[in-house]
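The values are calculated or read from the model by the stated rules, or taken from the named source; none is laboratory data. Since this is a predicted model, take the numbers as computed values, not measurements. With ideal geometry, Cβ positions are generated from the backbone for all residues, glycine too; neighbour counts draw on all protein chains shown.
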Amino acid sequence: MANFGFELNEDQLQIQKWVHDFAEGTMRPAAAEWDEREEFPWPIVEEAAKIGLYSFDFLANCWADETGLTVAMANEELTWGDAGLALAIQGSTLAVAGIVANGTAEQVGEWVPQCYGEPGALKLGAFCVSEADAGSDVSSLRTRAVYDEANDEWVLNGTKTWITNGGIANTHVVVASVDPSLGSRGQASFVVPEGTPGISMGQKFKKLGIRASHTAEVVLEDCRIPGRCLLGGKDKLDERLARAREGKKSSSQAAMATFESTRPIVGAQAIGIARAAYEYALEYAKERKQFGKAIIENQAISFMLADMKTAIDAARLLVWRASWMGRNGIPFKAGEGSMSKLFAGQTAVRVTEQAVQILGGAGYVTEHPVERWYRDSKIYTIFEGTSEIQHLVVARAISGMRLT
Ligand SMILES: Cc1cc2nc3c(=O)[nH]c(=O)nc-3n(C[C@H](O)[C@H](O)[C@H](O)COP(=O)(O)OP(=O)(O)OC[C@H]3O[C@@H](n4cnc5c(N)ncnc54)[C@H](O)[C@@H]3O)c2cc1C
């Protein structure tokens, strides 16, 4: 009897439809407006919270799926609705992933629900790693965490940049250096709870795309947090630092542990934009007539659409494989997580560009959504590791060499 298949089960299909209906009914009609306003779309996130889509329960439900596919599917549907709005809804998940990847069960129970809040009293989370001089090179973070033993407090100082939900989040998860001489092995993750003095928003950035998602600097000035806010706890950190000082191998590094688990999800988001653009371009190509026939009747157009569909399906297969591997604890020996994000991100950029091409002049103006999707897609080759860094991860994994 076959024990392998690509068919989604009833539960998965039901969730897919539920998220799709929200994307189609609530996100699509609002997308252009929030892109133009460049503000955090509180009413849309509120709608998502009302139906349980913006909640820890929904995330837990998705994670419960042993195939790992539900998280990917839900993310694809949301970005199919709109990437900026989807990131407003999903931005807190990165903080949650940071807590889950590095925290104890008790810390997960305490802090994760505080990244969502509830309808009428929404809360947000932010995951703060990047700095002006430490983007791809997370080993050179300058933000420092110093332990004040007398008060059992950590004191954080530094400036984070390009942070999704930065400064407007209730809970910030901050990766900081405890021992700079150890590079990324000397780093740890901390939760900065709501209302902590010494954390503030710096400049808010204006962006090419995903404009409904809030991106800003986060400034930490003598920001004091209780000892229990160190994710994973002090004993584990001391043990890890001692191993690093002795030159022994460590199993995980704070920022990397988070990124590894989230890359296939980011890949799934990229596929959602690509699929939206492909579907739109396909319909347009059947309708639009030039030289007395539909433009799809030209092989130049129909083959382009065939390539777009092929790339989208290939990207999805890579994302689903990595999602399944991640959920089932199968190590990414060939950088499969990075591979999926790399291919899906590049696919989104190429497919949305092809969609603009198929629409011609109509693709370049704001009457049609493809110009927005084209702008939105570009971030998927940049954040959570640029395409070059994903190449590096895969190249190192397949060669076993410390390539640069
Ligand atoms: C909209 C948005 C949202 C973001 N959200 C968050 C967030 O929530 N939290 C967070 O911590 N960060 C966030 N980021 C930051 C993001 O993760 C970084 O921008 C990204 O990691 C790249 O770092 P960088 O911008 O400093 O580029 P750089 O590292 O300066 O890279 C510049 C160029 O050099 C290339 N390059 C660098 N090193 C190498 C190398 N070794 N080999 C080959 N090429 C290389 C890069 O691929 C890139 O093309 C966000 C960024 C944006 C734009």
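Side notes on the structure shown:
- Segment 378-400 residues that are over 21 Å from Phe127 (Cβ atoms), paired with ones that are more than 10 Å from the ligand (Cβ to nearest atom) (beta carbon under 6 Å, 6 or more apart): Val394/Gly335; Val394/Ser338; Val394/Met339; Ala397/Ala334; Ala397/Gly335; Ile398/Ala334
- Among the residues making up segment 96-115, a single one is over 15 Å from Ala60 (Cβ atoms) and within 12 Å of the ligand (Cβ to nearest atom): Gly98.
- Scanning segment 95-119 for residues being within 20 Å of His214 (Cβ to Cβ) and either free of Cβ contacts under 8 Å to residues at least 12 places away in the same chain or of a type in the set (Gly, Ala, Ser) (or both) gives a total of 4.
- For Gln299, the criteria (1) exposed (fewer than 14 other Cβ atoms within 10 Å of the Cβ); (2) under 25 Å from Trp80 (Cα atoms); (3) free of Cβ contacts under 8 Å to residues at least 12 places away in the same chain hold in every case but one, which is (2).
- Residue among Thr366, Thr381 that alone is surrounded by 18 or more Cβ atoms within 10 Å (Cβ to Cβ) and closer than 28 Å to Glu279 by Cβ: Thr381
- Test: residue in segment 160-176 that is more than 29 Å from Asp376 (Cα to Cα), within 14 Å of the ligand (Cβ to nearest atom), assigned to a strand (DSSP E or B) and free of Cβ contacts under 8 Å to residues at least 60 places away in the same chain: yes
- Pairs linking a residue in segment 225-243 that is without any contact (Cβ under 8 Å) to a residue 60 or more places away in the chain to a residue that is surrounded by fewer than 17 Cβ atoms within 10 Å (Cβ to Cβ) and outside any helix (DSSP H, G or I), with Cβ atoms under 7 Å and 6 or more positions apart or on different chains, are Arg240/Ser250; Arg243/Ser250.
- The test for being crowded, with 24+ Cβ neighbours inside 10 Å and outside the structural domain of Gly345 (by TED's automatic domain parsing) does not hold for Ala97.
- Test for Arg224: is it surrounded by 15 or more Cβ atoms within 10 Å (Cβ to Cβ), modelled with pLDDT of 95 or more and part of a strand (DSSP E or B): yes
- Against the test of being surrounded by 15 or more Cβ atoms within 10 Å (Cβ to Cβ) and closer than 26 Å to Ser302 by Cα, the options Ala348, Ala397 yield a single qualifying residue, Ala348.
- All positions within segment 118-166 that are on the phi > 0 side of the Ramachandran plot and buried (at least 20 other Cβ atoms within 10 Å of the Cβ): Gly158, Asn165
- Those residues of segment 51-60 which are at pLDDT below 95 and surrounded by fewer than 16 Cβ atoms within 10 Å (Cβ to Cβ), in sequence order: Asp57, Ala60
- Out of Trp63, Trp80, one residue alone is away from the ligand (no atom under 16 Å from the Cβ) and modelled with pLDDT under 95. It is Trp63.
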